[in-house]
Amino acid sequence: MITALYAALFGLMFVVLSIRVVAKRRQFMIGLGSNGEVSLQRAIRVHGNFAEYVPFALLLMFLAEYSGLAAHYVHTLGMVLLLGRLSHAYGVQQVKEPLKFRVFGMLLTFGVLLFSAVTILVLHWLRQAI
């Protein structure tokens, strides 16, 4: 199961992002919210955005794989999603945010979501047509 490999990698990345938020909270002595600290706000949003998109993308990747998507396509989806999330995290974490990294990261993430969803529909339709 290829998606499990990427789920493990994203699990590790999620822990790193979580630790970054905790470290910022300790640095500024803020337990809840961000109290206007920009670097903490950015760490929170990188973590939150990851939590909002990655689980659903992995679910769609798994369902596409389970539906019969060829292994090299599943690996491609996983690598594209990983590149997208790394790019997004890098871009948003910067104080002077280079928007191109954030946009690139979200485009790759949306691409994985869209490709996976359409693939599942097509593979389902093809099974029904036979």
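Every number here is computed from the coordinates shown, using simple stated rules; none is lab data. On a predicted model such as this, the values are computed, not experimentally measured, just so you know. Virtual Cβ from ideal backbone geometry, glycine too; neighbours counted across all protein chains shown.
Sequence-ordered 3J(HN,Hα) estimates for the range 4-16 from the Karplus curve with 6.51, -1.76 and 1.60 and θ = phi - 60° stand at 4, 4, 5, 4, 5, 4, 5, x, 5, 5, 5, 4, 4 Hz, glycine and proline given as x. Treating r as the C-beta distance of TRP125 and MET1 and R0 as 30 Å, the FRET efficiency rounds to 0.80. Label separation (VAL15 vs MET79): 2.5 nm, computed from points 7 Å beyond Cα along the C-beta direction.
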